[in-house]
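See structure below.
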Amino acid sequence: MELLRQAPSRNPKEVLTFALLVLLGAVTLLTTLGVVLSLLGEVVEFFRRVPLAEFLFAPEWTPLFAEPRYGIAPLITGTLLVTAIALTVAIPLGLALAIYISELAPHRVRARVMGILELFEGIPTVVLGYFALLTVTPFLQKFIPGLQIFNPLSAGLVMGFAIIPYVSNVAADAMQSVPRAIREAAYALGARPYEVALRVVFPAAISGIIAAVILATSRAIGETMIVAIAAGQRPTLTLDPRETIATMTSFIVQAATGDQPAGSTASLALFAVGATLFLMTLGLNILAQYVVERYRERYE
């Protein structure tokens with residue numbers, strides 16, 4: 001902000017550079033605005049045909065059936081169920097990796113672990129989806145009776161491993177930003193390395209760690225291919241991880257590849273689900289930003 005208050009430079013190169021930076025900085029805002037505008041008209045038309053109360057509270061989602069129902073609750077429940085399973089895997093493992101990378105790992109080991117995480121982050125999610133369907137599900141069926149071929153359990157477990165880098169990298173960056181003087185003070189008082197990591201550095205970096213968890217949650221909610229392949233596409237209002245379900249993203253895949261007439265209520269339902277997904281992920285990102293700003297530790 002101080003930079004913006006300064007008098008503009010008369011150097012043409014600096015003026016051009018400043019204009020370019022402002023333009024690049026506005027890309028995110030313009031993209032978000034474009035998404036909102038592309039959804040707004042179709043969503044308004046959808047809610048002219050379907051009452052908002054039915055959309056939010058009806059227990060059935062069958063927009064492609066002969067007698068359509070437009071209750072998004074099964075899709076939201078399926079999305080949150082898979083997300084909860086994924087976070088159960090990603091949060092403890094991701095935070096443990098972050099602590100190891102930031103506080104305990106030697107420099108060479110740290111570089112290798114970070115490289116492996118970046119490599120794992122680049123695996124296409126369609127590959128992970130088929131891995132969940134063809135490998136994880138048959139393995140789990142040996143121990144869990146009644147587990148369907150398409151289920152949120154295997155999809156959530158694989159998704160949890162897929163989002164570990166999002167938790168570990170952001171949390172590790174937050175922990176590494178804690179001043180070294182605080183660590184040295186704890187060591188001077190006789191603290192052991194694990195005590196410094198868990199009782200000093202971890203609380204000091206809590207704002208960044210919470211933001212990492214929220215961002216990973218947003219990533220899990222928006223995941224498409226893993227759930228579309230492994231969790232199924234049958235909207236069911238259930239919390240049983242053994243049953244076939246559908247998520248908002250899997251319905252978008254299903255509807256986008258269908259042959260619904262343009263302008264029909266079924267085609268407009270695609271935009272309504274997309275708007276719901278957009279609002280959920282946008283809300284989580286705003287919450288993450290608020291947490292960072294509200295609870296950020298300020299060191300002199």
- Computed FRET value (nearest 0.05) for Glu67 with Tyr194, which takes r as the C-beta separation and R₀ as 45 Å: 0.15
- Environment charge at Ala162 (Cβ cut-off 14 Å; Lys +1, Arg +1, Asp -1, Glu -1): -2
- Message: Checking the a/c ratio against 1.5 first, then a/b against b/c, what shape does the Cα gyration tensor give for the chain?
- Response: oblate
- Note on the structure: In Å², rounded to a whole number, the accessible area per residue of the chain with probe 1.4 Å is 56
- Describe numerically, in nm with one decimal, the distance between label points set 7 Å from Cα along Cα→Cβ at Thr17 and at Ile149. 6.0
- Message: At a threshold of 8 angstrom on Cα-Cα distance, excluding pairs fewer than six apart, so keeping six or more, what relative contact order does the chain reach in percent?
- Response: 25
- Using the charge dipole of the chain (Lys, Arg: +1 at Cβ; Asp, Glu: -1 at Cβ; taken about the Cα centre), state which of Leu279, Ile229, Ile164 has its Cα farthest towards the positive end. Ile164
- Taking a ≥ b ≥ c as the square roots of the eigenvalues of the Cα gyration tensor, with a/c under 1.5 meaning rounded and otherwise prolate when a/b exceeds b/c and oblate if not, segment 1-134 is oblate
- For the pair Arg48 and Arg110, how long in nm is the line joining their label points, each one 7 Å along Cα→Cβ? 5.9
- Message: Just want to confirm a number: the relative contact order over segment 89-208, from Cα pairs under 8 angstrom separated by 6+ residues, in percent.
- Response: 38
- Task: Hydropathy first: keep DSSP H helices in the chain averaging at least 0.0 on Kyte-Doolittle, then drop any whose Cα extent along the axis falls short of 27 Å, and list what survives.
- Result: 27-49, 73-99, 265-295
- Note on the structure: In segment 1-155, taking the dipole from +1 charges on Lys and Arg beta carbons and -1 charges on Asp and Glu beta carbons about the Cα centre, the listed residue (Leu128, Ala58, Met114) farthest towards the positive end is Met114
- Item | Packing-based order for 127-135, 47-55, 209-217, using average beta carbon neighbours within 10 Å, highest first | 209-217, 127-135, 47-55
- If you roll a 1.4 Å probe over the chain with all protein chains in place, what percent of the accessible area is carbon or sulfur? 66
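The values are calculated or read from the model by the stated rules, or taken from the named source; none is laboratory data. On a predicted model such as this, the values are computed, not experimentally measured, just so you know. In this analysis, Cβ positions are derived from the backbone assuming ideal geometry, glycine residues included, and neighbour counts consider all displayed protein chains. Side chains included, ligands, DNA and RNA excluded: accessible areas come from the protein's heavy atoms. Shrake-Rupley method; radii C 1.70, N 1.55, O 1.52, S 1.80 Å.
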